[in-house]
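Only one structure is covered here, and it is reproduced in the block below.
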Amino acid sequence: MPISRTKDSTVTKIKGEKTRAEITAKYKCLGIINLTFLLVFFPTLLSSAFAETKTRIVIDNFSSGNLNQWETKSFAKTTDYQVVSVDNQLILRAVSHASASGLVKKQKIDLLKTPFLNWRWRVENLLGKINEQSKSGDDYSARVYVLIDGGWAFWNSKAINYVWASNSAKGKQWANAFASNNATMLALRSVNDKMATWYQEKRNIIEDFKTLYGMDIRYIDAVALMTDTDNSGGQATAYYDDIYFSGN
């Protein structure tokens, strides 16, 4: 019997050691698998994140609290543009009282790398029953432009104005009343969209220039913003934020 107990205890001890060895081997195996995953996949994930950062070109998110990167272009009285805090976030507010001035940021963008212009905006009011295809009604609570600078050959300059229309139907396009050969208007928002509500926009600039002008382009030279009410003598308040180009 003593010999039997010794043999049993020895067997139990061997089994215990074997079990611990198996557990240790399993953890080592898991460790190797985890390490392999990090070595193989983490650089890819990191590369993807870095690529996403590289393919996003920020025009402005107004986090700096100032408009030092922008130039003012006045056509009539000056629209009041200020960076303000709304819901603990800095954004651009535009207030127009029978005024027409815009903000322009000159920055050459390679559209083959970042063809999509992204931004968000909201308006507090529209401008009533105006004819936006006429000079007397060429006013918008909010608009975002992309521009090609023709330099000294000003007739080669081209612009697309993405506008928040007061009356024109969403999706409607027309030549600007003052610069019919150089500026095309495209209504992205209109009377049926909610006031005081943020909307996110995304436009493929290469495709839009092809559609609106029949042009194959690679670069744009500037982005502009404007809230204007000079022709109709009205008043409008709008907000703009998070303007950037992206690869997808």
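Values for this structure:
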{"read-out": "Residue identified as in contact (Cβ under 8 Å) with a residue 24 or more places away in the chain, farther than 19 Å from F75 by Cβ and either assigned by TED's automatic domain parsing to the domain that holds T237 or not in a loop (DSSP other than H, G, I, E, B) (or both) among V144, V191, V163", "value": "V191"}
{"read-out": "Within segment 218-248, tally of residues that are part of a loop (DSSP other than H, G, I, E, B) and touching a Leu at 6+ places or on another chain (Cβ under 6 Å)", "value": "3"}
{"read-out": "Qualifying residue in segment 145-155 (condition: of a type in the set (G, A, S) and modelled with pLDDT of 95 or more)", "value": "no"}
{"read-out": "Those residues of segment 75-98 which are at pLDDT 95 or above and among the aliphatic types (A, V, I, L, M), in sequence order", "value": "V83, V84, L90, I91, L92, A94, V95, A98"}
{"read-out": "Only one of A98, A94 that is touching an Asp or Glu at 6+ places or on another chain (Cβ under 6 Å), assigned by TED's automatic domain parsing to the domain that holds N68 and either more than 29 Å from S232 (Cα to Cα) or surrounded by 15 or more Cβ atoms within 10 Å (Cβ to Cβ) (or both)", "value": "A98"}
{"read-out": "Those residues of segment 155-175 which are buried (at least 18 other Cβ atoms within 10 Å of the Cβ) and not hydroxyl-bearing (S, T, Y), in sequence order", "value": "K158, A159, I160, N161, V163, W164, A165"}
{"read-out": "Matching entry among S232, S180, S157, S168 (being in the same structural domain as D110 (by TED's automatic domain parsing), over 22 Å from the mean Cα position of the chain (by Cα) and under 21 Å from Y81 (Cα atoms))", "value": "S232"}
{"read-out": "Cβ-Cβ under 7 Å pairs, at least 6 apart or on other chains, segment 209-232 side under 25 Å from E132 (Cα atoms), far side among the acidic types (D, E)", "value": "K210/D216; A222/D149; D228/D139; T229/D139; D230/D139; N231/D138; N231/D139; S232/D139"}
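Quick grid of which residues meet (1) assigned to a strand (DSSP E or B); (2) over 17 Å from D242 (Cβ atoms):
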site	(1), (2)
I59	yes, no
F62	no, no
G65	no, no
Q69	no, no
K73	yes, yes
I91	yes, no
I109	yes, no
T114	no, no
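The values are calculated or read from the model by the stated rules, or taken from the named source; none is laboratory data. In this text the structure is predicted, and so the values were computed from the model without any measurement. Here the Cβ is made from the backbone with ideal geometry for all residues, glycine too, and neighbour counts use every protein chain on show.
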